[in-house]
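The values are calculated or read from the model by the stated rules, or taken from the named source; none is laboratory data. This is a predicted model, so every value here is computed, not measured. Reconstructed Cβ throughout: ideal geometry from the backbone, glycine too, with neighbour counts over all protein chains shown. Heads up: the accessible areas ignore ligands, DNA and RNA and are worked out on the full protein's heavy atoms, side chains in. Shrake-Rupley method; radii C 1.70, N 1.55, O 1.52, S 1.80 Å.
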Amino acid sequence: MNCTQVQDLAAALIDHESLGPRELAEVEQHLATCSACRYEYEMDRWMSRIVRTRVPIVQTPPDTYLSILSAIEEG
Ligand SMILES: [Zn+2]
């Protein structure tokens, strides 16, 4: 499974689409070893959580958005 396939499946996972147990295992195994895909996955998951739990990001005042970003950079 290459990075593109993993990222496609990871996006499906974030959207709560069900994956087969074998696909899921392959995605998890790839994420454990590939920092690029893990980063994409974490970012997608974070974005989807923001979209679900907050007002749409386009309506977020820029100051708020920037403070969220800097909070994340600071860990
Ligand atoms: Zn990868």
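Here the accessible area is traced with a 1.4 Å probe on the protein chains. For the range 3-74, carbon and sulfur cover 55 percent of it. Among the cysteines of the chain, C3 have no other cysteine beta carbon within less than 4.7 Å of their own. Taking the chain as a Gaussian network, where each spring joins two C-alpha atoms under 10 Å apart, which residue of T64, T33, T53 fluctuates the most? Among T64, T33, T53, the largest GNM mean-square fluctuation belongs to T64. Between the listed residues A36, L9, P61, the Cα displaced farthest toward the positive end of the dipole of the chain, a dipole computed from Cβ unit charges relative to the Cα centre, is found at P61. Relative to the current alpha-carbon distance between E28 and D8, full extension at 0.36 nm per residue lengthens the span by 5.9 nm. Rolling a 1.4 Å probe over the heavy atoms of the protein chains gives the chain an accessible area of 75 Å² per residue.
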